[in-house]
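Okay, structure first, notes after.
The values are calculated or read from the model by the stated rules, or taken from the named source; none is laboratory data. Keep in mind that what you see is a predicted model, and the values were worked out from it rather than measured. Every residue, glycine among them, receives a Cβ derived from its backbone with ideal geometry; neighbour counts consider all protein chains shown. Just the protein is used for accessible areas: all its heavy atoms, side chains included, with ligands, DNA and RNA removed. Shrake-Rupley method; radii C 1.70, N 1.55, O 1.52, S 1.80 Å.
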Amino acid sequence: MRRVYLPTTLDEVWSIMDREPNAVVYAGGTDLLVRLHRGLITVDGLICIERLAQIQGVKEEHDEIFIGAGTTHAELLENNVIREHLSVLVQALETLASPPIRHMGTIGGNIVNASPAGDTLPPLYVLGASLEIQSREKTRTVRIDQFISGPGQVLMTDKELLTGIRIPKPKGFGIHHFEKIGRRKSQACAIASMAALMSVSPDGMVEDIRPAWGSVGPTVVTCAEAENILRGTRLRPEILEKAASVVKKTVSPIDDIRAGADYRRVVAGNLLLRLIRYHSDGT
Amino acid sequence: MNIVFHLNGEERSIETPPDKRVVDLLREEFGLTGTKESCGAGDCGACTILVDGESRLSCLMLAIQLQGRSITTIEGLERKDSIHPLQKAFAEHGAVQCGFCIPGMILASVDLLKRNPSPTRKEIRVGLAGNLCRCTGYQKIVDAVRHAAETPCRKECK
Amino acid sequence: MWWDREESFLSGTKRHPARLLYRLGTKRDATLHCLDVQIFLDTGPYDHLGGVVLALGMEHAGGAYRIPNVSLAGKCVYTNNPIGGAFRGFGVSQVTAAMEQMIDMAAEKLDMDPLEIRLKNAVRRGDKNSVGKTLVNSTGIRECLRTLGEHPLWKEREKWKTRAGLFKRRGVGVAALMHGSGYGPVVPDTANAKVELTREGKIRVYNGVVDMGQGNASTSLQIAGSILGQPTDWMELVLPDTDRTLPCGSASASRCTYTFGNALIGAAETLKKRILQRAADLLMTPSKDEFALIPGRVRHLPTGKEFPAAAIASFMDEAERISVHHFRAPVAPENFDAGPGLRLHGFPHTLFSYAAHLALVEVDQLTGEVTVCRYLAVSDCGTIINPQIYEQQIQGAIAQGLGFALSEDLASTQGRMAASDFAAYVIPTAADVPEMESVPVEIFEPTGPFGLKGIGEISINGPLPAIANALADACGVRIVDYPMTSERVLAALQGLEKGAPQ
């Protein structure tokens, strides 16, 4: 029998972490409990943080949106602040697993899990999200791309907890775009995905663009060279093709059971071509 | 440890290891075998239950997480003298074949209709995409949920 | 005993992977002239009906067409791969996937409409089919094809195709299907029905063929209730049980309601005669024909006098109250010189269901993703006794066939399956399955109970070839490895993969 804790305050969490240095934290359990049940990991202590009200909910703070790490995907999908400002995240959440999983899984879990296929990660990268990491002693803030260091790897100690996500309200990006390719239409693990923020002037010039790709590298992939090709030019198929060919060289996908690396590489580039649909649409 | 929670409207208390999976607890300790396990990994939805009215997967919850919660299983949808309108709609529309996915499918539908009382056929398909069915091809399930959505509902089924 | 999901994946029998080599010859006027087929099935390390699956595949390899010159060769091969065995479709799904694409390829070469080439060559009652079996039972493939051709989804297909969005291509595909039912000529396809008038005056049906959800038990109540004049509240159902019900064979081979239904009709007719005869004896009237069975009662029509069925039952011995009837399905009398064992393995059949399927498909040129937008199934499975159950079988099989076509993959390396759970083995969700329309072509089958034929399997054979033909129609590519994943489709679109259809 494993010891399982159900703390309701952060202070309790720190005490449990002190007593049980090997205990593993979970929120929704939609990933950890699968691995546990299959015997892929062994733990003797579990800390379920689903009752930590302190790290739940969405707050609008001037130019920022603060999301408690323990907020479920479903809560985010139904939150008006998120829907109004973070459409790119909403689009990704709509493709994330299935309704019951979205009722259980949390955005913090999706980040800390650091799966290359994590659906919220490309949107959080393009939104420039930073993370609040707390321990008993202190709170530190780190950019998401400096937090996730590899597949399933994050820069956090056993005494720390991801408690919140800070997202600056995206300004001037009229276009929020997300697309995911999976083996089926719903409840699919990403083979490749792309999130993008873009602003296009009324005369069709790309004023700014921030794309990011999921499932085509050990972590989320961004591509400054492709952004530079597109930024300041008229949005047209040839220029997107040119940027896409750079993207195909930049990504570093692997073969797995869902798809081969070559396919992922081609699709990563092709997903960029989809942006042509916004060519005459600055809003 | 001792867990106290509401199960299908009644307060229950049980002595259980805190890491027992909820699906096992419901089936083995409470005899509520309407909750099925088909994959044990969150991929199929057969073990769906309602936790405080929201659909969740009982194969990915540990007993301790029931503490203080209100749980509804398929057995809890039945009232003294009648079945839930969704159960009735599933039966009447031929939405059931082998039936293994159906308890989870109906509980997922209860949650879906609570969030979206009048879903389109497409919204129903997406809303039930976490519940796999191998027999029906889903069409009659969509028919049943659509019908239940159109039927005026008693207070207790909300 | 219970298996967890991974154990079920490892141990359960799977649809035999097949390698199919086809050569089809036509005359200039599109008359099918010759067919050469070689079939290799991978049965894994053990034989689980491998020979029988192969035999059914061979019998259906030429489809529902007249082809005068046919050469068929089949091998079922032992390997160290996962075990192949009985799976819905039973060898027919694999060969239909090939044959129905061959027909489309021939149509393309001949610059002929895919529906027209099928109508030109489709079998009629009295024809010999592609294995030389004379079709003596109802044969509705032409009616299915014609009905499909009159449907709006077919008639308005060109307009629908032009409405594809950016980076999308649309196409439509047809598949003509047939599926034999029953065990074939040697293994007796039998059922033993039992019906009882209980002491309480109810009709108890001992349904001996397993209902695992396909609904045949409901149909049995309908059949017995119809003959004995009883609604379901005057009936009781006993599900298969080695103690109470009699041997009725397997719930397989699209044969449950056909074989058991015929047995049940015999048992119910006999019981009806006994009840009415006993009523006539009691009233000292000359003929049992003066009586009618009404719900729970018997009525003497000339006088209007009634008495409860329970009263009749109380005058009958148990041996009289229980009626049993044995039925053995008809078999093909032809004796082909087709190699040893083939007949034993069930070759040929005599009774076939037919269908014509239409898939409307959209292909994404950037990702290779195939979306099935609409699906039409026109089926000749004889008379329909229970429309809801009939549709269930069609819809469920189409969804399963959709998975076969697009996403379900049991690839293995060195004998080890790559997929061992539902995250990796991708079956369709509700969001993947299109709205399906099912149109019946009800042709009375004289040997069937109330005119019905089997509906359990035929529909699974359609989606793969119909979608493949639609894909070719949309983008001019054919995938020869299945499932047709986005990855394979995109590779074909890019010409990266040179897979010439064989």
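At-a-glance table
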{"read-out": "Between the range C:444-480 and the range B:18-53, the alpha-carbon center distance in angstrom", "value": "38 Å"}
{"read-out": "Positive-end extreme of charge dipole, chain A - chosen from A:Val112, A:Met198, A:Tyr263 (charges on Cβ)", "value": "A:Tyr263"}
{"read-out": "Rough spin-label spacing in nm, given labels placed 7 Å along Cα→Cβ, for C:Arg23 and C:Met1", "value": "4.7 nm"}
{"read-out": "Cleavage-rule hits, trypsin sites (Lys or Arg not before Pro), the range C:1-83, DSSP coil, Cβ neighbours within 10 Å at most 14", "value": "C:Lys27, C:Arg28"}
{"read-out": "Degrees, to the nearest 10: A:237-250 long Cα axis against longest axis of chain A", "value": "40 degrees"}
{"read-out": "Three-way shape label, the range A:159-283, alpha-carbon gyration tensor, a/c 1.5", "value": "oblate"}
{"read-out": "Estimated vicinal HN-Hα couplings, Hz - the range C:240-256 in sequence order (Karplus 6.51, -1.76, 1.60; Gly, Pro = x)", "value": "x, 6, 5, 7, 9, 8, 9, x, 9, x, 8, 8, 6, 6, 6, 10, 4"}
{"read-out": "Tail fraction, Cα-Cα pairs, the range B:46-88, threshold 17 Å, whole percent", "value": "35 percent"}
{"read-out": "FRET efficiency, 1/(1 + (r/R0)^6) with R0 51 Å, evaluated for C:Asp289 and C:Ala418 via beta carbons", "value": "0.15"}
{"read-out": "In Å², nearest 10: area of C:Met102 left accessible to a 1.4 Å probe", "value": "20 Å²"}
{"read-out": "Cα pair count fraction exceeding 23 Å, expressed as % - the range C:96-202", "value": "50 percent"}
{"read-out": "Under 5 Å, built H, 5+ apart or other chain: amide partners of A:Gly152", "value": "A:Ser115"}
{"read-out": "The range C:105-127 and the range A:31-99: distance between their alpha carbon centers, rounded to Å", "value": "56 Å"}
{"read-out": "Amide H partners (placed H, <5 Å) of B:Leu7, local residues excluded", "value": "B:Arg12, B:Ile71"}
{"read-out": "Mean shadow area of the range C:14-130 over all directions, Cα convex hull, nm²", "value": "7.1 nm²"}
{"read-out": "In Å, descending, principal axis extents of the Cα set of chain A", "value": "61, 44, 31"}
{"read-out": "Reachable aspartates and glutamates, given that their alpha-carbon falls under 17 Å from the alpha-carbon of C:Lys161 and they are not under 8 places away in the same chain", "value": "C:Asp113, C:Glu362, C:Asp364, C:Glu369, C:Asp473"}
{"read-out": "The range C:391-502: mean projected area of Cα convex hull, nm²", "value": "10.3 nm²"}
{"read-out": "Cα long-axis angle, helix C:216-228 against chain C (0 to 90 degrees, to the nearest 10)", "value": "40 degrees"}
{"read-out": "Distribution of pairwise C-alpha distances over chain C, 20 Å bins, in %", "value": "22, 50, 22, 5, 0"}
{"read-out": "Computed [θ] at 222 nm, deg cm²/dmol, chain B (DSSP H ≥ 4; -39,500 (n - 2.57); rounded to nearest 500)", "value": "-7500 deg cm²/dmol"}
{"read-out": "Residue order for B:Arg27, A:Arg102 - accessible surface, 1.4 angstrom probe, largest first", "value": "B:Arg27, A:Arg102"}
{"read-out": "Under 30 Å from C:Lys273, Cα to Cα: lysines that are on another chain or at least 8 residues apart", "value": "C:Lys194, C:Lys202, C:Lys288, C:Lys305, C:Lys453"}
{"read-out": "Largest-first principal axis extents, alpha carbons of the range C:326-392, Å", "value": "53, 36, 16"}
{"read-out": "Cα-Cα pairs of the range B:1-69 separated by more than 18 Å (percent)", "value": "28 percent"}
{"read-out": "The range C:109-186: GluC sites (Glu not before Pro) in DSSP loop, at most 13 other beta carbons within 10 Å", "value": "C:Glu156"}
{"read-out": "Calculated over the protein assembly as shown: convex hull of Cα atoms, volume per residue (Å³)", "value": "187 Å³"}
{"read-out": "Shape call, chain B: gyration tensor on alpha carbons, a/c limit 1.5", "value": "prolate"}
{"read-out": "Alpha carbon centroid spacing (whole Å) that separates the range C:377-393 from the range A:159-220", "value": "47 Å"}
{"read-out": "Solvent accessible area, Å² - A:Ser87, 1.4 Å probe, full protein context", "value": "40 Å²"}
{"read-out": "Cα-based convex hull volume of the range C:294-429 per residue, rounded to whole Å³", "value": "337 Å³"}
{"read-out": "Cross-link table B:Lys122/C:Lys109; A:Lys138/A:Lys169; A:Lys180/A:Lys248; A:Lys185/A:Lys248, entries beyond 28 Å C-alpha to C-alpha", "value": "B:Lys122/C:Lys109"}
{"read-out": "All-pairs alpha carbon distance profile, the range A:1-126, 5 Å steps from 0, percent", "value": "2, 10, 19, 22, 18, 14, 9, 4, 1, 0"}
{"read-out": "Long-range amide H partners of A:Leu46 with built H, under 5 Å", "value": "A:Arg3, A:Val4, A:Tyr5, A:Val24"}
{"read-out": "Over the range C:1-67, equivalent-ellipsoid semi-axes from the Cα gyration tensor in Å", "value": "36, 11, 10"}
{"read-out": "Low-density loop cleavage sites - trypsin sites (Lys or Arg not before Pro) in the range C:227-309, where at most 15 other Cβ are within 10 Å (DSSP)", "value": "C:Arg244"}
{"read-out": "Where A:His73, A:His85 fall by accessible area, highest first, once all protein chains stay in place (1.4 Å)", "value": "A:His85, A:His73"}
{"read-out": "Rg [Å, one decimal], Dmax [Å, integer] - the range B:63-120, C-alpha atoms", "value": "13.0, 38"}
{"read-out": "Accessible-area value, C:His326, 1.4 Å probe, nucleic acids and ligands omitted, Å²", "value": "100 Å²"}
{"read-out": "Size descriptor, Kirkwood hydrodynamic radius, that averages inverse alpha-carbon separations across the range A:80-171, Å", "value": "13.8 Å"}
{"read-out": "B:Lys20, A:Lys171, A:Lys159, B:Lys88, ranked by accessible area, largest first (probe 1.4 Å)", "value": "A:Lys171, B:Lys88, A:Lys159, B:Lys20"}
